[in-house]
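One structure is given here, and the rest of the page talks about it.
The values are calculated or read from the model by the stated rules, or taken from the named source; none is laboratory data. Because the structure is a prediction, the values reported are computed rather than measured. Using ideal geometry, Cβ is built from the backbone for each residue, glycine included, and neighbour counts are taken over all protein chains shown. Note: accessible area is taken over every heavy atom of the protein model, side chains too, but ligands, DNA and RNA are not part of it. Shrake-Rupley method; radii C 1.70, N 1.55, O 1.52, S 1.80 Å.
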Amino acid sequence: MRISKEIIDAVVQRTDIVGLIGEYISLKKVGSNYKALCPFHSEKTPSFSVSEKGFFHCFGCNEGGNAISFLQKYLNLSFVEAVSELAKRCGINIDLQEFEQSEESEIRDLYNIAQEFYSMLLVQNSGVEALDYFKQRNLSMETIKEFSLGYSSNKWDALFREFMRRGISTELVIKSGLVVNKNNKFYDFFRNRAMFPIKDYLGRTIAFGGRQIDGNKSSPKYINSSDTVIYDKKRTLFGIAEAKNSIRKTDEVFIVEGYLDVLSLSQAGIKNVVAPCGTALTKEQLIYLKKHTNVNVLYFLFDGDLAGMNAALRGIPAALEVGFDLRIIKLPEGQDPDTLINLEGGYDEFMYHKNHACSFVDFICDRKRNENKLETPAEKSETIQEIIKLIFLIKDKTQHLFYLENIKEIFNMPIEILKNIYRDLLRNNAKPKASNKEENNEASTKDVFFDAEKLFPEEKTIFKFILKNKQNFKTIKEDYRVAENSFITDIAKSIFEIINEFWDAEDVVQELMKEEDRDEELIQLLLKLKMEEFSQSAKWKEFTEIETKVNTEKVVGVALARLRVKAIEIELKELQQKLKVGDMQGLQQINCLQKEKQDIINTDLRYE
Ligand SMILES: [Zn+2]
């Protein structure tokens, strides 16, 4: 089943595309549009434009579309998922289950069922131990509900039976990883555990972490879901769905180590907190975080023990590389965020530590000093070089100097000497070369049919005029009698034919973008033509000046006349090549065309 056109129309109309895209990347207003560095290709000067009229386009890589296609491309959603996400944003109700039947969505359903099942068990008699566990950790019913915590039964197949009761196939159930098949006996993967659902950015449960509550020494304290088609633990952060709004609002995020750290801080009002899911912090998780929240300030808030400090050290390169303003909070020996915030006066203490967070430079030096590894000249030199190599990872070069200042203060040495070391290391460092290569690959050209470069400039001018509104198309067709064969290139002919099909639409491109199986190349081309109006290209400036002096229609008239002249010239060339001696008919044809050409030049193009 497909989503009705009415819903798609309503969703597109009610979505403020500038607000939507602005949630993910920083937009800057330029003229009547918004510009940004393109999220779809690597670039240093912004060529990504967003128009309040409801579309975006990148002049570098030609990505473009409306709010739906932005979410599809940016969040890797299907068409239906993107529409439903936008619908949620603007308060339109649609039931996804009616539309999607892919295996991925079926497995999502299983996780949703499992999460509701575990939550239900938690508040029944059998769940009392798990509920006690959460309460001992000071978690309120409100927090338990917000994070959808639960309990998995100590019966060996409670969830499996629930799935069977609902008529779900055994094959699918096994694929989900929630049930395990051992010698044709089916048993639940999570049994007798306090359950922490792991959700994706949109708040859909995609995995679980389960903590032991019976103190059984023979099984691990925590077990976590394995990767599935809907879950990649290297790219997932626990708490992201609950934290995303607060992260955006504060432009800050705390990375902690455990599920309970997330829950306790969130309950204490520090909502902008996430944790890796039973793995060490990965670069992919940080990229995911940056991409989905556009947050700048990142706090490492790890446990105050050796393991926590090592985790912080290991995380530094990735955090710098992904482009965070990294700060590291050092907790007192033996404390973790969960215990700290639950202390008497814990919130104030937390804020104190936050306000005394240090730079990665300070953190590394402190660490070495405490281990007595910052004593000899060799140790100091090694540390300085290690830090400078980390500084190279920061893309914003302006920051480099400030971090050098940071080193200068710690070692009390002249900045000029540090700058020399920096330059020497930079020269021997392979990094800048790699980034050059990346730049050369910018906007790779694909072999496409709908390529704007293949159009004649006159054809472009006419389409720019047509694409402005419905009335212009009418003018072109009725007053100028333009038809498919008025154009020369095959692309232009196809475009005209397609626009002709949508003659009734106020905005053809908007209509085309609403199609689920739309032709992306065609849309990119049309958007490019539409957006070029706003680009600062000299040619177009010239065009708009003419537009104000005379009027647009005259410009279009001239373009059509020139196009006709070009068409005649092409035809003439062909005829002259074919012409044989004594071919009177051919000669007459040539004369006719030459006369027509001269007429056009004398009348329509006389001011050219
Ligand atoms: Zn781009």
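To the nearest 10 square angstrom, how much accessible area does D325 have with a 1.4 angstrom probe?
Roughly 60 Å² of D325 is accessible to a 1.4 Å probe.
Please compare each pair in K249/K395; K271/K514; K73/K566; K73/K283; K493/K554; K88/K290 to a cut-off of 29 Å on the Cα-Cα distance and tell me which ones are over it.
On the way: K249/K395 24 Å; K271/K514 36 Å; K73/K566 40 Å; K73/K283 21 Å; K493/K554 22 Å; K88/K290 23 Å.
Over 29 Å apart, Cα to Cα: K271/K514; K73/K566.
For the chain, what is the calculated [θ] at 222 nm in deg cm²/dmol (nearest 500), taking -39500 (n - 2.57) for each run of four or more DSSP H residues and dividing by its residue count? List each step's numbers first, then the result.
Numbers: 28 runs with 319 residues, N = 608.
Here the helix-only value at 222 nm equals -16000 deg cm²/dmol.
How much of the DSSP beta bridge set in segment 235-357 is antiparallel, as a percent to the nearest 5?
Numbers: 2 of 12 bridges.
Percent antiparallel among DSSP bridges in segment 235-357 is about 15.
Which net charge results when you count Lys and Arg as +1 and Asp and Glu as -1 among the other residues whose beta-carbon is under 15 Å from that of I223?
On the way: positive: R191, R193, R211, K217, K221, K233; negative: D188, D214, D227.
Neighbourhood net charge equals +3.
Output the antiparallel fraction of DSSP beta bridges having both residues in the chain, as a percent to the nearest 5.
The antiparallel proportion sits near 75 percent.
How tilted is helix 79-89 with respect to the longest principal axis of the chain? Cα atoms for both, answer in degrees (0 to 90, nearest 10).
The angle comes out at about 70 degrees.
So if I take the centroid of the Cα atoms in segment 348-388 and the same for segment 240-268, what is the distance between those two points in Å?
Each part's Cα centre sits 26 Å from the other's.
Kindly express, to the nearest 10 degrees and within the range 0 to 90, the angle between helix 360-370's C-alpha long axis and the longest C-alpha principal axis of the chain.
So the helix axis and the longest Cα principal axis differ by about 20 degrees.
If I ignore ligands, DNA and RNA and count only protein heavy atoms, how much of F40 is accessible to a 1.4 Å probe, in Å² to the nearest 10?
60
Using +1 at the C-beta of Lys and Arg and -1 at the C-beta of Asp and Glu, which of L178, I230, G167 has the Cα lying farthest in the positive direction of the dipole of segment 103-230?
L178
Using a 1.4 angstrom probe, figure out how much accessible area segment 43-166 has per residue, in square angstrom, rounded to the nearest whole. Don't jump to the answer; show the numbers that get you there.
Values: 5790 Å² over 124 residues.
With all protein chains present, segment 43-166 gives 47 Å² per residue.
For the full complex of protein chains and a 1.4 angstrom probe, list T170, T293 by accessible area with the highest value first. List each step's numbers first, then the result.
Details: T170 50, T293 5 Å².
The ordering from most to least exposed comes out as T170, T293.
Rounded, prolate or oblate: pick one for segment 160-230, where a ≥ b ≥ c are the square roots of the eigenvalues of its C-alpha gyration tensor, a/c under 1.5 means rounded, and failing that, prolate if a/b is larger than b/c, else oblate. Write out the running numbers ahead of the final one.
Values: a/c = 1.93, a/b = 1.13, b/c = 1.70.
Since a/c reaches 1.5 but b/c is at least a/b, the shape of segment 160-230 is classed as oblate.
What is the chain's relative contact order, in percent, from Cα pairs under 8 angstrom and six or more apart in sequence?
Working: 787 pairs, mean separation 59.5, N = 608.
Normalised by residue count, the contact order of the chain is 10 percent.
Using alpha-carbon positions, what is the distance between the centroids of segment 159-204 and segment 464-479, in Å?
If you average the Cα positions of each part, the centres end up 58 Å apart.
Taking only Cα atoms, what is the 0 to 90° angle, nearest 10, from helix 377-391's long axis to the longest principal axis of the chain?
On a 0 to 90 degree scale, this one is about 40.
Quick one: accessible surface of L263, probe radius 1.4 Å, all protein chains present, in square angstrom to the nearest 10.
For L263, the solvent-accessible surface is approximately 0 Å².
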